[in-house]
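Below you'll find the structure, written out as structure tokens, and then a few comments.
The values are calculated or read from the model by the stated rules, or taken from the named source; none is laboratory data. Since we're looking at a predicted model, the values are computed, not measured. Glycine also receives a Cβ, built like all others from the backbone with ideal geometry; neighbour counts cover every protein chain displayed. These accessible areas exclude ligands, DNA and RNA; they are computed on the full protein's heavy atoms, side chains included. Shrake-Rupley method; radii C 1.70, N 1.55, O 1.52, S 1.80 Å.
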Amino acid sequence: MVSPGFGARRRWAVVAGLVALLAGLPSLIGAIPASDRDVPAADLRSAVLASDMVAFSGYAESAGGLALPVTDQLASVADLFSDRTLMRVWWRGPADNRVDVVTPTGEISTHRDATGTWTWEYESATATRGALGPLELPAPLDLLPSALGRRLLSEAADGELSRIGARRVAGRDGLGLRLSPVDQASSVSRVDVWVDGDSGVPLQVQVYGEDARRPALDTRFLDLELAAPGPEVTAFSPPAGAVVREDRGVDLVEAAQQVTGPGLPLTLAGLDRRPMEGLPRGLGVYGRGVTLLAVVPAPGRLTEELRRALGASPGAVVDELGVRASIGPLGLMVVDRPGGRAYVLTGSVTLDALAAAAAEMPELGGRP
């Protein structure tokens, strides 16, 4: 007699086998010479930024080399940037898409619409509704080369861009575009984006830290079809019998609303504060493009967990300002002040920039 779970396990084994086959194709396809085009760097960037409404479907793979400190509340984020993530994507537009994270034992499907997301966990038959907020934790959608490439190039100056030839990605000619940040606070040495010359869709994105030979993050399409998927593929409503819940996540905004005092300054570590509608005075994001610094008065439990995990990281610095460490191009710092509120600084900035920002921060009052 076949057990009830046998069919499901066999299905996921077949899916995992297909993805494994696709994952092995880039090395074979890469041997085919790529055809370059005489497209200026600024024009190629413009094509990338205009590609958000290009519909497509395909498989993508993201490989992260960042051993982030793990806390109970941020375990999923740490997994995204330290592991290999295989994704199936259907993209009709920024407010109508679906991304499935595929594993050997199942998959987790995230459907985005105009007001939020539905996350469907097949194995547990659980549907979770998430609202779109002014500041969200990274999700698999953010690691797609199409989405990541557009975001990282969105604020690049022409002088930071150069062409780097071409390569084959997902069976297509990818035109190379390099972003070399000029901000002194940046911990990112370069970002290489390989762009489909016909559609402007980024096919592969590689992010390098300072003096690094290997990318800290490498995300690429394994297979890509430039055709609109049907609306029934991206739409979602919880099926009968599903467990339905609301995702509250880590409520960084609520913690920031409890902050009193002078509020955050207009600049930190030489980086200007970004105007972001909906953020309270106690939460701020500084910088531009690939050089970003976030100031977060995180909830007490999260701060304590992060302080312990960060202190155990190789190369951690502990001094009168708090504890800080670099994980590839990502900097993390927990700032302690006797009798005051502890808060977290994080972003693609150097340890020196974190220390400078901590020293420039005013006293943040309010209930921790």
Restricting to the stretch 223-250, what's the tally of residues that are open to solvent by 40 Å² or more (accessible area, probe 1.4 Å) and among the β-branched types (Val, Ile, Thr)? 2
Just the residues that are among the hydroxyl-bearing types (Ser, Thr, Tyr), more than 17 Å from Gly159 (Cβ to Cβ) and at pLDDT 95 or above, please, taken from the stretch 178-219. Ser199
Listed residues Arg190, Arg220; which is closer than 18 Å to Gly347 by Cβ and crowded, with 19+ Cβ neighbours inside 10 Å? Arg190
Candidates Leu354, Leu332, filtered to the one that is in contact with a Lys or Arg (Cβ under 6 Å, 6 or more places away or on another chain), buried (at least 22 other Cβ atoms within 10 Å of the Cβ), modelled with pLDDT of 80 or more and of a type outside the set (Lys, Arg): Leu354
Suppose we keep only residues that are under 8 Å from the mean Cα position of the chain (by Cα) and among the aliphatic types (A, V, I, L, M) within the stretch 138-151. Which one would you say is modelled with the highest pLDDT? Leu148
Restricting attention to the stretch 315-329, report how many residues are open to solvent by 50 Å² or more (accessible area, probe 1.4 Å) and under 23 Å from the mean Cα position of the chain (by Cα). 2
What is the residue count in the stretch 193-206 for residues that are open to solvent by 20 Å² or more (accessible area, probe 1.4 Å) and in contact (Cβ under 8 Å) with a residue 40 or more places away in the chain? 2
Quick check on this structure: which one of Pro229, Pro275 is modelled with pLDDT under 90 and under 30 Å from Val54 (Cβ atoms)? Pro275
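Out of all the residues in the stretch 43-53, is one or more at pLDDT below 70, loosely packed, with under 14 Cβ neighbours inside 10 Å and in a helix (DSSP H, G or I)?
Scanning the stretch 43-53 turns up no residue that is at pLDDT below 70, loosely packed, with under 14 Cβ neighbours inside 10 Å and in a helix (DSSP H, G or I).
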Any idea which residue in the stretch 136-181 is least open to solvent (accessible area, probe 1.4 Å), counting only those that are part of a helix (DSSP H, G or I) and farther than 24 Å from Leu226 by Cβ? Glu160
When every residue in the stretch 62-93 that is in a strand (DSSP E or B) and open to solvent by 20 Å² or more (accessible area, probe 1.4 Å) is compared, the one modelled with the lowest pLDDT is Arg84
